[in-house]
Amino acid sequence: MTTWTTRPETADDIPAVRGILLAAFPTAVEADIVDALRADPKAWIDGLSMVTTTPDGAPVGYALLSRCHVDGAPALALAPCAVAPSAQRTGAGSAAIRAALDAALAMGENLVLVLGHADYYPRFGFTPASRFGIRAPFEVPDEAMMAMALDGARPVPTGTIHYPAAFGV
């Protein structure tokens with residue numbers, strides 16, 4: 001198993017991150033969302049765009065946390081996450097996600113939301129958002145809309161998720 005290095009994205013990483021997203025997804029939608037989020041000062045939070053790098057420093061994995069809200073209360077959306085095809089199933093994606101979650105906790109954030117595979121995200125501590133009284137603004141299977149409180153001692157808001165405009169919902 002590879003031991004990965006993670007770090008916040010830098011301006012020099014932007015082309016590589018776009019390349020990872022284009023290689024990992026069938027269309028440019030996710031890459032375009034990241035570009036739009038970078039341009040949105042209400043959504044983009046410096047230090048919460050994480051890359052996983054090879055020993056020579058080349059980005060191969062990516063995870064982004066951006067600002068969203070649950071009925072007006074601040075939260076974070078984990079999306080997108082991607083790994084270059086050559087590094088998939090090696091832990092590069094998990095490393096980027098863990099680094100992003102750790103950075104969010106260090107910044108005092110608490111609630112993270114993700115729409116994704118119910119067999120993947122629970123390994124990080126995500127559970128169905130409905131258990132918190134949180135719902136997506138669109139129809140989605142209950143097990144796919146997940147939430148995680150980074151600090152179990154803090155309250156978690158309830159209500160409907162409001163995503164940044166870049167997500168188009």
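Some observations on this one:
- Condition check for Leu48: open to solvent by less than 50 Å² (accessible area, probe 1.4 Å) and within 26 Å of Ala144 (Cβ to Cβ): yes
- Within region 1-27, the set of residues being without any contact (Cβ under 8 Å) to a residue 40 or more places away in the chain and in a helix (DSSP H, G or I) comprises Ala11, Asp12, Ile14, Pro15, Arg18, Leu22.
- Residue match in region 130-147 (condition: among the hydroxyl-bearing types (Ser, Thr, Tyr) and touching a helix residue (DSSP H, G or I) at 6+ places or on another chain (Cβ under 6 Å)): yes
- Selection within region 1-23 - touching an Asp or Glu at 6+ places or on another chain (Cβ under 8 Å) and either within 20 Å of Ala104 (Cα to Cα) or surrounded by 19 or more Cβ atoms within 10 Å (Cβ to Cβ) (or both): Pro8, Val17, Leu21
- Test: residue in region 88-101 that is hydroxyl-bearing (Ser, Thr, Tyr) and at pLDDT below 95: yes
- Check on Ser66, open to solvent by 30 Å² or more (accessible area, probe 1.4 Å) and among the small types (Gly, Ala, Ser): no
- Any hit, region 33-56, residues being at positive phi and under 16 Å from the mean Cα position of the chain (by Cα): yes
- Ala129 being more than 19 Å from Ile14 (Cα to Cα) and modelled with pLDDT of 95 or more: yes
The values are calculated or read from the model by the stated rules, or taken from the named source; none is laboratory data. These numbers come from a predicted model, not from an experiment. So basically every Cβ, Gly included, is an ideal-geometry build from the backbone, and we count neighbours across all protein chains shown. What goes into the accessible areas is simple: the full protein's heavy atoms, side chains included, and nothing from ligands, DNA or RNA. Shrake-Rupley method; radii C 1.70, N 1.55, O 1.52, S 1.80 Å.
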